[in-house]
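To start, the structure itself, in structure tokens.
Just so it is clear, none of the values below were taken in a lab; they were calculated from the coordinates. All figures in this text were calculated on a predicted structure; none of them were measured in a lab. Positions of Cβ are generated from backbone atoms using ideal geometry, with glycine treated the same way; all protein chains shown enter the neighbour counts.
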Amino acid sequence: MVCLKIEVLKDEKDYLEVMLPGEDLGFANFIVEQLLKSGGVFAAASVDHPIKGNPVIRIKGKDPKKSLSKAVDAAKKELSSAVAAVKKL
């Protein structure tokens, strides 16, 4: 099992900024995609430097922590489905 590390940079009522140490921008954008699918939040990912930087996800909306949790769960389900499909090959 892979463990996702999330470092909270800013935590306000309707705003959350988290860093994903050791991950790349592609993975962060996958999480952002899940956030945007769920609706009710605005989200974006960025990285300071393409080689050295850790991606940062910014989420604005009602209860951004809950939205992030749901997005990570949705990403996990989607990746599990992909793994199952590959195993059937």
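A compact table of results
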| read-out | value |
| --- | --- |
| Förster radius 30 Å - calculated FRET efficiency between Ser46 and Leu89 (Cβ-Cβ, nearest 0.05) | 0.30 |
| Per residue Cα convex hull volume in Å³ - calculated over the chain | 96 Å³ |
| Reachable aspartates and glutamates, given that their alpha-carbon falls under 13 Å from the alpha-carbon of Lys13 and they are not under 8 places away in the same chain | Asp63 |
| Where labels lie 7 Å past Cα in the beta-carbon direction, separation of Ala74 and Tyr15 in nm | 2.3 nm |
| Principal-axis tilt of helix 64-87 within the chain, Cα atoms, nearest 10 degrees | 20 degrees |
